[in-house]
Structure formats: structure tokens, C-alpha cells
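Structure first, commentary second.
The values are calculated or read from the model by the stated rules, or taken from the named source; none is laboratory data. This is a predicted model, so every value here is computed, not measured. Counting neighbours? That spans all protein chains shown, and the Cβs are built from the backbone with ideal geometry, glycine included. Please note that ligands, DNA and RNA were not included when accessible areas were found on the heavy atoms of the full protein model with its side chains. Shrake-Rupley method; radii C 1.70, N 1.55, O 1.52, S 1.80 Å.
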Amino acid sequence: MEKHKAEFSIAATEDITDAVCPLTFVRAKAALEELEAGDVLALRMNDGEPVQNVPRSVKEEGHKILKLTDNADGTYTLFVRKTGE
Amino acid sequence: MKIIVGGKFKDYPEGLRLSALIKQENVETPEYVTVALNDDFAEARTFDEIVLKEGDNVEFLYFMGGGGE
Amino acid sequence: MSFSKEQLERYSRHIILKEIGVKGQKRLSEAKVLIIGAGGLGAPAALYLAAAGVGRIGIADADRVDLSNLQRQIIHSTNDLGKEKALSAAESMRAINPETRVEAQVCFVSADNIGALVADYDVILDGTDNCPAKFLINDACVLAKKPFSHAGIIRFRGQLMTYVPGQGPCYRCAFREPPPPDAVPTCSQAGVIGAMAGVIGSLQALEAIKYFTGAGTLLTGALLTYDALTQEFRKIRLPRRESCEVCGTHPTITAPFDYAGAVCEIAP
């Protein structure tokens, strides 16, 4: 994740690989609400349903998806910038 | 003339008084009904004086005392 | 304070909602609601508000659970017969959500205690069974500047309205004063369909939740009426009455008071 630091600094990380729908999104939403507008959250999630649904739901809430990286271990990390309300 | 009673258009003869409407509409416990006429409350003592006109909007409000027991 | 994983799971269906989210759920967890009456209306309202994670709920009633209550008062069960309703209700509320602080008040509201009771809470729900008590709650809430939800049910009909200080009429604006005892039918004389209590009590819970979370618009300046026989809801606009004895421009009621005859009407 070193190279991302050059592009944006990560304010918080949340691992939702232990959750299933809809808690994946609930946990992501809760983590984002803890942050200030402009902060970046790194969300680690499982392949499959989470990676299909969580990015879309987060986008629907108005936040900006910066990047989705494949961790090559069956998980992905989604970088989201929180937008103001 | 057409007036609105409880949200529905109804046909009544010209010159109808509010007290007569209350009788015609078979209002339950008429002595304790609250009447809203065109977004204002009508005083009970004036029911016999109020002459309804075309387009008037009448709502009957009732006491509903239940809910606990 | 941030929610634990278990709390996020318990309240997940709220948190997903744009109108509530974590912020709204936190507001609910800090909210204080007083429910007056653990009967037909109070039963669903108390269960839904406890389940919703309202931080503190007072439930006031001095009656005991009677067999004729169980057709609609779903917060009590057959095993609770004879138990104080406030205590029986509190047990059910704690069972559905141990996180909610439930304060059972085994008392009837009167002019003597209502001021102190409402002072402790943010929102009051009227779940009483008689008109004098409804006027008492109205006056006490208007005078204490507390929002409250009024409701009543009879036969196949129900109605409710919400009072928020400075935002429209109070119950007395429209209904002025209670009718004489026995002038209008009560549920024990006229009957009531049990599920009506569920519909209207749940709507009261919704108004409280909307008040705390800021979601949508409240039933201020409006009376919502429901007729189960025709399945019609109607929202009737209610004006303020400048001459209202308690919330008007020159109020004559400056302290809550009891109407004579109220006490005997309260008996089940």
C-alpha cells in the first residue's frame, strides 16, 4: 500500500472481511461517518458479493471511489474519499 | 352547489347552514363535534348562523378517547 | 461514542437508511421518550422504540394486566395477568433490547405529578384511554415546551397528531375541552379492533423516531385519520387557534389541572 501514500493519505482503515451483506455496507458506512469530509478510508473486503455491492453502495451515498486494488489473497482494498454533507 | 365534506365533493342546495349539514351528514355525537371550515375552526355556537357556499371545505373532527385501558 | 460491531448489526436496517445512518442512530441512543399508558397504543410504541435503540424510555401506567387487555396490548402476555402494566411492559422492552434503559413508572398521571414526569424526557407519547388525561398531557407538554404525539382509537378508526412547540396547533386548539363523562363512546363501551392499536401506536413511534433523526416531515398542523373499514388514511390540515386557552396569544391555563370525573374513567 506504500505507493498509495504518494497519491493520498489514508485516514482510517476498516476490515470487513468478517462480515456479510448487508453488514459489509453498514460497517463501511459507519467507518465513513467517523471521518471528516475529504478523508480517505481504506476498506478491505472479500471477493464476490462484497466487492460487487459495497463500492456501488458507497458511491450511491455520494462518496468518491479512488481506487480498488486486488490484494491477490481473495480480498480487495477499496479507497474511498468521504464527501461533505 | 358543490362543497367538500370530509375530502369528498357533495352536492347540496344553496343556502345550506352548517347546522343543517351536520344533521344531513349524520354526524355522530353532533354536540361534541369539532368543525374545521376552510382551514379555520367554526365556533359551535355559530353553526346555525354559518351559511355554506360553493367550494367550502368542511371537516368533522371527533373525540377519540380510546387507546389505553 | 462509536457503535460496537454488535450494535451495528442490531441497528443495521436503520443505519443503511440515508435518512438515519450512524448519526441518526446515535441521536436515537441519546433520546429520552416518555410513554403515558402501557395499553393498546403504548404497547406497540414502547416495543418499537425499545427495539429502535431509544436510549431511555419511561413507561407510566398504574393499571394491572387484565384478560380483556390481551386482545390488543401485545406487550403483555397471558403470563402477565394481574401484574402492573408498567412492570410487565418494561420486561418485554428489556427483553427485545437490553441496551435501552427502561423506567417503569407505576402511577397514573395527574396535575400533581405530570410536570415532574414530562420534565425528564424529550418527547412524550399519549397512549391514554380517556379525554381528560389527553387534555392534561396536552397542557403539561405545551406549558413545558415538550413535543408530544396525541392519538386516539375507537372501533375501526384512529387518529393522531403531533405537537412541536412553535410549530402549529395543540390538541386543545382543535378540541377545546373534554366532553362530559360518557358523552362520547370509549373503547370499553364501543369496542376497538386490536390491530388498530398496532397501526396508530406504531405511527406514534414513527413520529418520535422522525423527530429525533430529522427524517421527513411530522404531523404538526395536521390530524391523520385512519378508517380500517375503507382502508383510508386522511391528513386533515389543522389551523392554530389564536384564542387557545393554553397555547394561544393570551393563555388562561398556566398550570396543568385535572378535570373532575377523570379518575373514575381511568378504571379498566
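How about region B:1-21: which of its residues are open to solvent by 90 Å² or more (accessible area, probe 1.4 Å) and within 14 Å of chain C (Cβ to nearest Cβ)?
B:Lys8
Cβ-Cβ distance below 8 Å, separation of 6 or more or different chains: which pairs start in region C:58-81 with a residue that is open to solvent by 80 Å² or more (accessible area, probe 1.4 Å) and end on one that is assigned to a helix (DSSP H, G or I) and among the basic types (Lys, Arg)?
From region C:58-81, the pairs are C:Arg64/C:Lys85.
Exactly one condition in (1) in contact with a His (Cβ under 9 Å, 6 or more places away or on another chain); (2) more than 28 Å from C:Tyr259 (Cα to Cα) is not met by C:Gly198; state its number.
Only one criterion is unmet by C:Gly198, namely (1).
Residue-by-condition table, conditions (1) in a helix (DSSP H, G or I); (2) open to solvent by less than 40 Å² (accessible area, probe 1.4 Å); (3) at the interface with chain B (Cβ under 10 Å from one of its Cβ atoms):
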{"residue": "C:Ala205", "(1), (2), (3)": "yes, yes, no"}
{"residue": "C:Tyr226", "(1), (2), (3)": "no, yes, no"}
{"residue": "C:Arg234", "(1), (2), (3)": "no, no, yes"}
{"residue": "C:Arg241", "(1), (2), (3)": "no, yes, yes"}
{"residue": "C:Val246", "(1), (2), (3)": "no, yes, no"}
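Taking the options A:Lys29, A:Lys64, name whichever one is under 24 Å from C:Ile20 (Cα atoms), open to solvent by 80 Å² or more (accessible area, probe 1.4 Å) and among the charged types (D, E, K, R).
Working: A:Lys29 fails: open to solvent by 80 Å² or more (accessible area, probe 1.4 Å).
Selected residue: A:Lys64, the only one of A:Lys29, A:Lys64 that is under 24 Å from C:Ile20 (Cα atoms), open to solvent by 80 Å² or more (accessible area, probe 1.4 Å) and among the charged types (D, E, K, R).
Sort out which residues of region C:12-54 are crowded, with 24+ Cβ neighbours inside 10 Å and either in a helix (DSSP H, G or I) or among the aromatic types (Phe, Trp, Tyr) (or both), and write them in order of number.
C:Ile15, C:Gln25, C:Gly42, C:Ala43, C:Pro44, C:Ala45, C:Ala46, C:Leu49, C:Ala50
Out of all the residues in region C:159-176, is one or more part of a helix (DSSP H, G or I) and without any contact (Cβ under 8 Å) to a residue 60 or more places away in the chain?
yes
Which of (1) in a strand (DSSP E or B); (2) of a type in the set (A, V, I, L, M); (3) closer than 20 Å to C:Gly158 by Cβ is the odd one out, the single condition C:Ile57 does not satisfy?
(3)
Within the bounds of region C:183-201, is there any residue that is part of a helix (DSSP H, G or I), free of Cβ contacts under 8 Å to residues at least 12 places away in the same chain and within 12 Å of chain B (Cβ to nearest Cβ)? Talk me through it step by step, then tell me what you get.
The first filter runs over region C:183-201 and keeps only residues part of a helix (DSSP H, G or I), leaving C:187-190, C:194-201.
Narrowing the set further to residues that are free of Cβ contacts under 8 Å to residues at least 12 places away in the same chain leaves C:189.
Of the ones still in play, those that are also within 12 Å of chain B (Cβ to nearest Cβ) are C:189.
Taking every residue of region C:183-201 in turn, at least one turns out to be part of a helix (DSSP H, G or I), free of Cβ contacts under 8 Å to residues at least 12 places away in the same chain and within 12 Å of chain B (Cβ to nearest Cβ).
Any idea which of C:Ala174, C:Ala111, C:Ala151 is open to solvent by 10 Å² or more (accessible area, probe 1.4 Å) and at pLDDT 95 or above?
C:Ala111
Based on this model, can you work out whether C:Pro179 counts as closer than 21 Å to C:Cys244 by Cα, modelled with pLDDT under 95 and either outside any helix (DSSP H, G or I) or more than 10 Å from chain B (Cβ to nearest Cβ) (or both)? Before you say what the answer is, go through the steps one by one.
Values: closer than 21 Å to C:Cys244 by Cα: yes; modelled with pLDDT under 95: yes; either outside any helix (DSSP H, G or I) or more than 10 Å from chain B (Cβ to nearest Cβ) (or both): yes.
Yes, satisfied.
Need a quick list: helices (runs of 4 or more DSSP H) entirely within region A:1-70 having at least 1 residues that are within 13 Å of chain C (Cβ to nearest Cβ).
Per the criteria, A:23-33, A:49-60.
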